[in-house]
Amino acid sequence: RFMRPLGNGSFNDLLGDGFGIDGSAQVGLEFRFGIMSGTQIGIHRTSDRTIELFGQHQLARQGERLPFTVDLVGTFEGTNNLRNVYSPAIGAVISRTLGRHGALYFQPVYVHNSNLLQSEAVDDNSSFVFGFGARVRVRSTLYLVGEAAPRAGYDPDATYLSFAVEKRWGGHSFQVNFSNGFGTTPGQLARGGFDYDTWSLGIHTSPTFM
């Protein structure tokens, strides 16, 4: 996620800054490994020194008896390379494919200890995040993607929002996205976006190795 807000300055200023890519960015690197059919584990690290460990297991698959797929997800993350504030989370990913036209997603997640400041003035330092997403196919390998993450409990700042254009080649994908925040882990998403007027450019690539 490039940190330059797209709305700063004139369009010529934005063009001169390469739409934000000339400045600093928050970078996330993730390795995800499938250990058996329907089960995967992984590690995700962002350049603000947050590390997330996660696991995901498919409980039920969309078919004739069930109109959606259900996965159980558990994560454990900590700031300063897993040395400081810990924010474990547990939730589910409920998804439904719409034939070859796209997919819908709902991801309810409970994030414990999501408040980095642990302010005594806040009654609830944990969050419930209700993630919604959709992917719509517009060409054979081209998709439009949108997501939102409203919250309950500890919910500072604005709701995180993002939309993107995604291109797929086999099992690989390349995405250009626009969002009002830099969050990529459950704890970061629980802390919300900046506001509804500050948007930044992001790039996401996802290679798959068989």
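The values are calculated or read from the model by the stated rules, or taken from the named source; none is laboratory data. Remember, predicted model here, so these are calculated numbers, not experimental data. Cβ atoms come from the backbone with ideal geometry, glycine included; neighbour counts cover every protein chain shown. Just so you know, the surface numbers come from the protein's heavy atoms only, side chains and all, with ligands and any DNA or RNA stripped out. Shrake-Rupley method; radii C 1.70, N 1.55, O 1.52, S 1.80 Å.
In the set (1) in a loop (DSSP other than H, G, I, E, B); (2) under 27 Å from Ala152 (Cα atoms); (3) modelled with pLDDT of 90 or more, the condition left unmet by Glu52 is number (1).
Which residue out of Thr79, Thr75 is of a type in the set (Ser, Thr, Tyr), closer than 20 Å to Gly133 by Cβ and open to solvent by less than 50 Å² (accessible area, probe 1.4 Å)? Spell out how you get there, then give the answer.
Details: Thr79 fails: closer than 20 Å to Gly133 by Cβ.
Of the residues listed, the single one that is of a type in the set (Ser, Thr, Tyr), closer than 20 Å to Gly133 by Cβ and open to solvent by less than 50 Å² (accessible area, probe 1.4 Å) is Thr75.
If you check Phe68, Phe128, Phe132, Phe163 for being closer than 22 Å to Ser206 by Cα, touching a residue at least 24 places away in the same chain (Cβ under 8 Å) and open to solvent by 30 Å² or more (accessible area, probe 1.4 Å), only one passes: Phe132.
So in the range 55-65, with the set limited to residues that are assigned to a loop (DSSP other than H, G, I, E, B) and either open to solvent by less than 80 Å² (accessible area, probe 1.4 Å) or among the hydrophobic types (A, V, I, L, M, F, W, C) (or both), which one is nearest to Arg96 (Cα to Cα)? Steps first, answer last, please.
Let us first name the residues in the range 55-65 that are assigned to a loop (DSSP other than H, G, I, E, B), namely 61-65.
Remaining after also requiring either open to solvent by less than 80 Å² (accessible area, probe 1.4 Å) or among the hydrophobic types (A, V, I, L, M, F, W, C) (or both): 62-63.
Details: Gln62: 7, Gly63: 10 Å.
Per the criteria, the residue is Gln62.
If you take the residues in the range 88-111 that are outside any strand (DSSP E or B) and farther than 12 Å from Gln188 by Cα, which one is most open to solvent (accessible area, probe 1.4 Å)?
Here is the first cut: in the range 88-111, the residues outside any strand (DSSP E or B) are 88, 98-101.
Filter again for farther than 12 Å from Gln188 by Cα, leaving 98-101.
Details: Leu98: 69, Gly99: 66, Arg100: 172, His101: 137 Å².
For the range 88-111, the residue satisfying everything is Arg100.
Take the conditions under 15 Å from the mean Cα position of the chain (by Cα) and surrounded by 14 or more Cβ atoms within 10 Å (Cβ to Cβ) and apply them to Val85. Does it pass? First the steps, then the outcome.
Values: under 15 Å from the mean Cα position of the chain (by Cα): no; surrounded by 14 or more Cβ atoms within 10 Å (Cβ to Cβ): yes.
It is false that Val85 is under 15 Å from the mean Cα position of the chain (by Cα) and surrounded by 14 or more Cβ atoms within 10 Å (Cβ to Cβ).
Table: residues versus (1) touching a Gly at 6+ places or on another chain (Cβ under 7 Å); (2) closer than 28 Å to Leu144 by Cα; (3) of a type outside the set (D, E, K, R).
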| position | (1), (2), (3) |
| --- | --- |
| Gly74 | yes, yes, yes |
| Val85 | yes, no, yes |
| Gly91 | no, yes, yes |
| Arg96 | no, yes, no |
| Leu104 | no, yes, yes |
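Within the range 5-37, if we keep just the residues that are assigned to a helix (DSSP H, G or I) and of a type in the set (Gly, Ala, Ser), the residue that is surrounded by the most Cβ atoms within 10 Å (Cβ to Cβ) turns out to be Gly20. Each residue in the range 187-210 was checked for being open to solvent by 60 Å² or more (accessible area, probe 1.4 Å) and either in a strand (DSSP E or B) or touching a helix residue (DSSP H, G or I) at 6+ places or on another chain (Cβ under 8 Å) (or both), and 3 pass. Checking each residue of the range 45-52 against the condition of being open to solvent by 80 Å² or more (accessible area, probe 1.4 Å), in contact with a helix residue (DSSP H, G or I) (Cβ under 6 Å, 6 or more places away or on another chain) and free of Cβ contacts under 8 Å to residues at least 60 places away in the same chain gives at least one match.
Could you tell me whether any residue of the range 170-179 is outside any strand (DSSP E or B), at pLDDT below 95 and touching an Asp or Glu at 6+ places or on another chain (Cβ under 9 Å)? No.
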